[in-house]
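First up is the structure itself, then whatever we jot down about it.
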């Protein structure tokens, strides 16, 4: 009898310790799971594109990976759409479709080589995001509620970093103001180029459905022909480009089956 009571007390103690550890180290399993109610996000926005190739501004460690060469006259617009999936309150995965434009010129650089180009970029990329400052506050008490029982779990701002991979379709055209080079290479027209995005983003939370998203992304490319041109002697680095975007985002209601409500037939039957 004593043995049975001893085992029972051990089991109760183990259950208590397990519950305590989960509540302390995994607070999202409590009220923090509010993020599961709107797990999918869509967004669309506009921004700017700056290409650093072999014509115009270039990329090197000395000029802060091209940032010192940013010129308003070579900055061009971009448009983007995205779909994000929240893995949990810290990690997210996002796909992006971005169309950007680029321009570069050596006409005023003082170089004997005089070239100009215009490029159109169509990029499809996949990003993995880590949130340094999360969107959801992991409340454990009634402090997470407004009057009338409305949840107030969202912070005003969220900050994250990201990286990933993608593919860019680049189409470039050139103007030749002088033609003294004989060993340089041109690939005007279409090129498909692998890219590696790396950047930071910030969210301004409007409410539980709407937010404004800003991102600055550095794209390292596995090619020296984003601008359709490379110098066979002096070119030491692959081309890169930066995209700065501002998007308006919307969180879709998510059902218990982890499907956006607009696509869940069982959810629709409850209301129609």
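Label separation (residue 73 vs residue 246): 2.6 nm, computed from points 7 Å beyond Cα along the C-beta direction.
Distance between the modelled labels on residue 175 and residue 42, one decimal in nanometres: 4.0 nm (7 Å Cα→Cβ projection).
One chain, two ends: residue 236 and residue 83. Fully extended at 0.36 nm per residue, the span grows by 51.5 nm beyond their Cα-Cα distance. Between residue 202 and residue 165, the contour length at 0.36 nm per residue exceeds the alpha carbon distance by 11.3 nm.
Full extension of the chain between residue 256 and residue 101 gives 51.6 nm of extra length, using 0.36 nm per residue less the Cα-Cα distance. Modelled spin labels at residue 216 and residue 133, positioned 7 Å past Cα toward Cβ, are 1.5 nm from each other.
Just so you know, all these numbers are worked out from the coordinates, no wet-lab data involved. The structure presented is a predicted model; accordingly, all values stated were derived computationally and were not measured. Neighbour counts are summed over all protein chains in view; Cβ atoms, including those assigned to glycine, are modelled from backbone coordinates with ideal geometry.
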